[in-house]
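Engineer: Take a look at the following structure, please.
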Amino acid sequence: MTPNLLTHQLGQWLANYQTLSIAGAAFGDEGKGKVGSLLAGFYDIIARFSGAGNAGHTYFTAKGRKIVSHLIPCGLAANKMCVLGRGEQVRLDQLLAELAEAKKMSGAQPPRIYIDLQCPLWIPWHSLLEAYLEAMREGSPVGTTGQGVGPVAALHRLRIGPLIGEMSAGREYFLKRLETMYRPLAPIFNEMLASGMVDTDTTQIPTPSELADQLFPLFDQVKTCLADTSAVLHNAFRLNYRILAEGAQAVGLDLMWGTYPFVSSTMSSPAGAALGLGLPPKALPHTLLVTKVLPTRVGNGPFPSEIGNREGALTFPQSYPQLFQAGQERDEFLQTRLNLVNSGKATAAELSQYFQVLGDERGATTGRGRSVGYLDIPWLRYAVRLTGPIGLALTQLDRLSGLKQIPVVVDYKINGQCVMPGTIPLPWQWENVEVIMDTWECWRQSISGCQDYRDLPSAAREFVTRLAAEIRCPIPLVGTGPGQADMVFKPRG
Ligand code: IMP
């Protein structure tokens, strides 16, 4: 097959969609960066509608250079205009580091990057407040990424959090805004200092004036990127430019529709795209959900199809860092472990570790080990019902190559009753959920390098067809390897 088959197929398929939103279906880290950067070639503008520095999108440029971006959307790889919409929280030092990296990567002509004037602005107080709140949850922390996302969102809703564009109104104006925010927080900071929660040798709690001194030199370096991005996008849409709306995190981490309270605090579901970008909902009617064949979760909270346990998964990369590096030791580990898995004698922890090493399952933002779960049909039915996608991009199908078979979660039961299809248990019911498993056949052959869907082993094609039928959603894209173009397109039917 020609190397351009995928490009040709994608070009034809995406011609139907002037705009497209991309969102994760489960608990994040599903390959949105990879799928987004692949699709970015077919769009003029890539616009992020949610998230913050908590996101870590990993993708590759055409020359194979790896990029991990947190704030700037994946249009960078294809040198396309990038927009940070109002639904995204912005942190200045992180943004500057990413802008510098973008400049280095794209040489003299980096793509145009617009940041909405009214993006909520992270300042160090947010992360201090988050540390306090996590400590107050006594044994049940959310397990956040430490980026202060919850406090940025909450203080924005309380109408005291700062917006990035407010700095352009001058120091006096901005200082007043910081003081308004500081007054209710000061008692908490004082308690943190008095109780020793803050190590005063290493951490300072800056005053409003010290903060302004720190932030203005950073702001001066980004202010030319600020714009009313809703107006920019609206004009582009009117002139028939093509817009890819990039989400962050995933449905399971959405504040309203995820596994509350173990969620992030912005809108990860594609319903947030219109709000986060300031476009009318009718301009963004199409969504592509992304999920990996074995979902993962970091942080705390329900993970119904989890294979091992969270603690073991989180710390595995620290216990065996050498296994996460490419090389002989890793290959030997994988082969021995695969034999054990196929013998049916592997424990859940051993199986989970096999998938962790195979997929290098570590958070791009925190380096924490991601816990791995089985394919979860009831969860995907929920995500599909909630978001009405045009299709599901199923990443990392290659992770199942070599396995004889794999358990799949096909139902949730509470007190012996199946949960209604398309719904998930209530937050206080998760502990009583029993998962019902089936076993699906896998395939022995590697699928790496496959460029045509028809070249996949028949068992792999049957796996995909069966999944699409179970969740009632087409699966137009299937991941066959880690590279950006390691995907095959499955025509409908
Ligand atoms: P926060 O977004 O830092 O507040 O974290 C809330 C929860 O979302 C925690 O369980 C995090 O581990 C999880 N989370 C946040 N961002 C990501 C992501 O990009 N991928 C996976 N999990 C995430």
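Values in this text are rule-based calculations from the coordinates and carry no lab data. None of the values given here were measured: they were computed from a predicted structure. Glycine gets a Cβ as well: all are built from the backbone with ideal geometry, and neighbour counts include every protein chain shown.
Engineer: For the residues Cys225, Cys418, what sequence is obtained by ranking on other C-beta atoms within 10 Å, fewest first?
Structural biologist: Working: Cys225 18, Cys418 13.
So the ranking, lowest neighbour count to highest, is Cys418, Cys225.
Engineer: Here's something else I'd like to know. Roughly what would the spin-label model give for Ala348 and Lys282, points 7 Å off Cα along C-beta, in nm?
Structural biologist: In this crude spin-label approximation the distance works out to 5.0 nm.
Engineer: Can you work out the PRE-style zone for Glu431? Point 7 Å along Cα to Cβ, and I want the residues of the stretch 282-312 with backbone N under 15 Å.
Structural biologist: The answer is 301-303.
Engineer: Another question about this same structure. What size of dipole, in debye to the nearest 20, comes out for the chain about its Cα centre when the only charges are +1 on Lys and Arg C-beta atoms and -1 on Asp and Glu C-beta atoms? Provide the component values of the computation, followed by the final result.
Structural biologist: Values: 44 positive and 43 negative charges, 288 e Å.
Using only the charged Cβ atoms, the result is roughly 1380 debye.
Engineer: What residue among Pro421, Leu456, Ala346 has its Cα farthest toward the positive end of the dipole of the chain, where the charges are +1 on Lys, Arg and -1 on Asp, Glu, each on the Cβ?
Structural biologist: The residue sitting most towards the positive pole is Leu456.
Engineer: Taking the Cα centre of the stretch 175-226 as origin, work out the dipole magnitude from +1 charges on Lys and Arg Cβ and -1 charges on Asp and Glu Cβ, in debye rounded to 20.
Structural biologist: Values: 4 positive and 7 negative charges, 70 e Å.
Taking the Cα centre of the stretch 175-226 as origin, the dipole is about 340 debye.
Engineer: Round to the nearest 10 and give me the degree value, 0 to 90, for the angle of helix 458-471's Cα axis relative to the longest principal axis of the chain.
Structural biologist: On a 0 to 90 degree scale, this one is about 50.
Engineer: Starting from the Cα gyration tensor of the stretch 188-277, take the square roots of the eigenvalues, sort them a ≥ b ≥ c, and report rounded, prolate or oblate (rounded when a/c is under 1.5, otherwise prolate if a/b is larger than b/c, else oblate). Could you put the intermediate results ahead of the total?
Structural biologist: Details: a/c = 4.11, a/b = 1.49, b/c = 2.76.
Taking the square roots of the gyration eigenvalues as a ≥ b ≥ c, the stretch 188-277 is oblate.
Engineer: Per residue, what volume in Å³ does the convex hull of the Cα atoms of the chain enclose? Write out the running numbers ahead of the final one.
Structural biologist: Values: hull volume 76.9 nm³, N = 493.
Here the figure is 156 Å³ per residue.
Engineer: Let me ask something additional. From the Cα gyration tensor of the stretch 32-108, with a ≥ b ≥ c the square roots of its eigenvalues, which class applies: rounded if a/c is under 1.5, or else prolate if a/b is larger than b/c, or else oblate? Working shown, then result.
Structural biologist: Values: a/c = 1.55, a/b = 1.21, b/c = 1.29.
Oblate shape, in that a/c is at least 1.5 and b/c is the bigger or equal ratio.
Engineer: For the pairs Lys34/Lys104; Lys345/Lys404; Lys66/Lys404; Lys176/Lys223; Lys80/Lys490; Lys66/Lys292, flag any whose C-alpha to C-alpha distance is greater than 24 Å. Write out the running numbers ahead of the final one.
Structural biologist: On the way: Lys34/Lys104 21 Å; Lys345/Lys404 13 Å; Lys66/Lys404 32 Å; Lys176/Lys223 20 Å; Lys80/Lys490 26 Å; Lys66/Lys292 20 Å.
Too far apart for the 24 Å limit: Lys66/Lys404; Lys80/Lys490.
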